[in-house]
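The values are calculated or read from the model by the stated rules, or taken from the named source; none is laboratory data. In this text, all values refer to a predicted model and were calculated from it rather than measured experimentally. Here the Cβ positions follow ideal geometry from the backbone for every residue, glycine too, while neighbour counts run over all protein chains shown. Remember, those area values only see protein heavy atoms, side chains included, never the ligands or the DNA or RNA. Shrake-Rupley method; radii C 1.70, N 1.55, O 1.52, S 1.80 Å.
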Amino acid sequence: MASEKQFKSIKGTKDLLPEEAARMRSAGATIHNVMNCWGYGEIRTPVFEQTELFARSVGEESDIVSKQMYTFSDQSGTSLTLKPELTAPVMRAYIEHDMGRGGASTKLYYLDTLFRQERPQKGRLRQFHQFGAEAIGSPHSEQDAEIVALVYTILTELGIEDMTLHINSIGSDDSRNAFRQALVEFLAPYKKDLSETSQRRLETNPLRILDSKSEDEQELLQGAPAILDYLDDEDLAHYEDVKHFLERMNIPYTENKMMVRGLDYYTRTTFEITSPHVGAQDALCGGGRYDNLIEDLGGKRTPAVGFAAGIERILLALGEKTQSTDESKNLLYVAATTHEAREQALTVAMILRAQGNTVHFDALRRSLKAQLRDANRLNASHCIIIGEDEMKSKSAQVKSLSSGEQESVPIDSLAALFMPQQ
Ligand code: HAM
């Protein structure tokens, strides 16, 4: 008996139908290519990790850990979490496989599926894709600049225009502690005017109040101390150098002293790239330096810097501009009208596919007219028709669907006729 129930995808998740999947695959090809050119090696980590890994790195008080994780217990009672971000898993892997041995810097990249239980809206999903890179081992400003230049280059190659790069420095531990204290002293007299979340953050993570979405709080913060005034000489020199390198590479940026980012592991440089074309969720990419994280996760103290960018948001920003890279080859349709001809058609299709063409084959045993209509619907350039007469003469009719012209071609010559362009 047919069931009444219609299954639907889970809220905040999305089916990628062939057209959109092709756009994503095409973006992926560009990402893999640029990452390779820049000397970054791909890393793939498991879908789930111990929950504590994220609590210890991203931070108990962060939105991600406090409200967005998909956490469950497995049969043995271990608490596991579907990965909501990749910096922590990649650092876990870096430590576990002793990837830093030998002392050279380690440059890794990823393209992966992530999970965050956020309120779904345009550009914000519960299952989404990120690509990102982590450069591990260098404390120096040129590494920060290279990481920014890397994502800037990929976004440009993908076709993103009018992006804004926001950068800031939140200093090393001492400067940040001094700033935190000054910020708490500034906000304390206004505590009762703050939202419940900000009141809690005043105790637990006051820096996060800086990126409050409340207009009243933003107005109040206009008079707050600025983190840049609390940077020590080394932090300041590092920050100035990052900006200098970016200028030398012709990468435009704006300084944004309110930007602290929502994850706890950052030190010194933080940055985001936004686009005006994606609505309220305008960050295409976020990243920064995190010099304490590897040590906090039990590894040897090792500085690192990285970024991650949301692929769905990038595709949104690109709109109609993305096309798939699959379009350079011939798109063909093989039509057959008899049982014997279908055998021939299957073989011909295999030979043409083996040399890189896209070949559709009709398995519905429809009339020739219906098959030709189908070939037009699929935008095939040619229909290769095999019927009783063609079987006898070991040939096929090759019909151009743009001009309507048709010619008889020996079966053995089809492969040469449809050599894809290199
Ligand atoms: P994040 O800012 O949490 O940083 O995420 C980076 C990017 O992922 C965002 O700018 C956005 O484009 C995309 N993104 C985040 N959440 C969603 C969502 N719910 N739906 C669609 N896209 C989303 C990180 O994840 C850090 N691990 C980045 C990093 C790497 N820092 C250092 N290394």
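Going residue by residue through region 245-264, is there one that turns out to be within 12 Å of the ligand (Cβ to nearest atom), at pLDDT below 95, more than 14 Å from residue 149 (Cα to Cα) and open to solvent by less than 20 Å² (accessible area, probe 1.4 Å)?
Filtering region 245-264 down to residues within 12 Å of the ligand (Cβ to nearest atom) leaves 259-264.
Subset that is at pLDDT below 95: 259-264.
Okay, now just the ones that are also more than 14 Å from residue 149 (Cα to Cα), so 259-264.
Going one step further and asking which of them are open to solvent by less than 20 Å² (accessible area, probe 1.4 Å), we end up with 259-260.
Yes; the residues of region 245-264 include at least one that is within 12 Å of the ligand (Cβ to nearest atom), at pLDDT below 95, more than 14 Å from residue 149 (Cα to Cα) and open to solvent by less than 20 Å² (accessible area, probe 1.4 Å).
For region 391-408, give me the residue count where each residue is of a type outside the set (Gly, Ala, Ser), within 15 Å of residue 336 (Cα to Cα) and either touching a strand residue (DSSP E or B) at 6+ places or on another chain (Cβ under 7 Å) or open to solvent by less than 30 Å² (accessible area, probe 1.4 Å) (or both). Can you show your working first?
Step one: of region 391-408, the residues of a type outside the set (Gly, Ala, Ser) are 391-392, 394, 397-399, 401, 405-407.
Now narrow it down to the ones that are within 15 Å of residue 336 (Cα to Cα): 391-392, 394, 397-399.
Those left that are additionally either touching a strand residue (DSSP E or B) at 6+ places or on another chain (Cβ under 7 Å) or open to solvent by less than 30 Å² (accessible area, probe 1.4 Å) (or both): 394, 397-399.
Here the count works out to 4.
Quick check: is even one residue across region 309-325 closer than 24 Å to residue 272 by Cα, assigned to a strand (DSSP E or B) and touching a residue at least 12 places away in the same chain (Cβ under 8 Å)?
Checked region 309-325: at least one residue is closer than 24 Å to residue 272 by Cα, assigned to a strand (DSSP E or B) and touching a residue at least 12 places away in the same chain (Cβ under 8 Å).
Identify all residues within region 213-235 that are under 15 Å from residue 141 (Cα atoms) and free of Cβ contacts under 8 Å to residues at least 40 places away in the same chain; write none if there are none.
Of everything in region 213-235, just one residue is under 15 Å from residue 141 (Cα atoms) and free of Cβ contacts under 8 Å to residues at least 40 places away in the same chain, namely 233.
Exactly one condition in (1) at pLDDT below 95; (2) at positive phi is false for residue 12; which is it?
The number of the failed condition is (1).
Answer yes or no as to whether residue 364 is part of a loop (DSSP other than H, G, I, E, B) and either over 29 Å from residue 28 (Cβ atoms) or within 16 Å of the ligand (Cβ to nearest atom) (or both).
Numbers: part of a loop (DSSP other than H, G, I, E, B): yes; either over 29 Å from residue 28 (Cβ atoms) or within 16 Å of the ligand (Cβ to nearest atom) (or both): yes.
Criteria met by residue 364.
Sort out which residues of region 172-203 are polar (S, T, N, Q), assigned to a helix (DSSP H, G or I) and open to solvent by less than 70 Å² (accessible area, probe 1.4 Å), and write them in order of number. Reasoning before the result, please.
So the first thing to find is which residues in region 172-203 are polar (S, T, N, Q), and the list is 172, 175, 177, 181, 195, 197-199.
Filter once more, keeping what is assigned to a helix (DSSP H, G or I): 175, 177, 181, 197-199.
Once the filter is applied, which keeps residues that are polar (S, T, N, Q), assigned to a helix (DSSP H, G or I) and open to solvent by less than 70 Å² (accessible area, probe 1.4 Å), region 172-203 yields 175, 197, 198, 199.
Answer yes or no as to whether residue 281 is within 14 Å of the ligand (Cβ to nearest atom), at pLDDT below 95 and in contact with a helix residue (DSSP H, G or I) (Cβ under 7 Å, 6 or more places away or on another chain).
Numbers: within 14 Å of the ligand (Cβ to nearest atom): yes; at pLDDT below 95: yes; in contact with a helix residue (DSSP H, G or I) (Cβ under 7 Å, 6 or more places away or on another chain): yes.
The answer is yes for residue 281.
Failed condition for residue 247, given (1) free of Cβ contacts under 8 Å to residues at least 40 places away in the same chain; (2) within 30 Å of residue 195 (Cβ to Cβ), with all others met?
Of the numbered conditions (1) free of Cβ contacts under 8 Å to residues at least 40 places away in the same chain; (2) within 30 Å of residue 195 (Cβ to Cβ), the odd one out for residue 247 is (2).
Strands (runs of 3 or more DSSP E) wholly in region 29-122 with at least 1 residues that are at negative phi, open to solvent by less than 50 Å² (accessible area, probe 1.4 Å) and of a type in the set (A, V, I, L, M) - which ones? Steps first, answer last, please.
Values: elements: 48-50, 71-73, 79-82, 106-115.
It comes to 79-82, 106-115.
Scan region 328-374 for residues that are in contact with a Gly (Cβ under 9 Å, 6 or more places away or on another chain) and farther than 14 Å from residue 417 by Cα and report the count.
Narrowing region 328-374 to residues in contact with a Gly (Cβ under 9 Å, 6 or more places away or on another chain): 329-330, 335-338, 341, 368.
Remaining after also requiring farther than 14 Å from residue 417 by Cα: 335-338, 341, 368.
Result for region 328-374: 6.
Restricted to region 123-171, and to residues that are assigned to a strand (DSSP E or B) and more than 12 Å from the ligand (Cβ to nearest atom), which residue is farthest from the chain's Cα centre (by Cα)?
Our first condition is that a residue be assigned to a strand (DSSP E or B); within region 123-171, this holds for 124, 127-136, 164-169.
Cutting the leftovers down to more than 12 Å from the ligand (Cβ to nearest atom) gives us 164-165, 167-169.
Working: 164: 18, 165: 17, 167: 20, 168: 23, 169: 24 Å.
Filtering first and then ranking leaves 169.
Which one of the conditions (1) within 23 Å of the chain's Cα centre (by Cα); (2) of a type outside the set (Gly, Ala, Ser); (3) assigned to a helix (DSSP H, G or I) does residue 259 fail to meet, given that it meets all the rest?
(3)
Here's the yes/no breakdown for (1) more than 16 Å from the ligand (Cβ to nearest atom); (2) in contact (Cβ under 8 Å) with a residue 40 or more places away in the chain; (3) among the hydrophobic types (A, V, I, L, M, F, W, C); (4) touching a Phe, Trp or Tyr at 6+ places or on another chain (Cβ under 7 Å):
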| residue | (1), (2), (3), (4) |
| --- | --- |
| 48 | yes, no, yes, no |
| 54 | no, no, yes, no |
| 62 | no, yes, no, no |
| 70 | no, yes, no, yes |
| 75 | yes, no, no, no |
| 78 | yes, no, no, no |
| 94 | no, yes, no, no |
| 102 | yes, no, no, no |
| 109 | no, yes, no, yes |
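Exactly one condition in (1) within 28 Å of residue 225 (Cα to Cα); (2) modelled with pLDDT of 95 or more; (3) open to solvent by 10 Å² or more (accessible area, probe 1.4 Å) is false for residue 239; which is it?
Of (1) within 28 Å of residue 225 (Cα to Cα); (2) modelled with pLDDT of 95 or more; (3) open to solvent by 10 Å² or more (accessible area, probe 1.4 Å), only one is false for residue 239: (3).
Each row is one residue, and each column tells you yes or no for (1) of a type in the set (Lys, Arg); (2) under 36 Å from the mean Cα position of the chain (by Cα); (3) open to solvent by 90 Å² or more (accessible area, probe 1.4 Å).
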| position | (1), (2), (3) |
| --- | --- |
| 341 | no, no, no |
| 373 | yes, no, yes |
| 387 | no, no, no |
| 412 | no, no, yes |
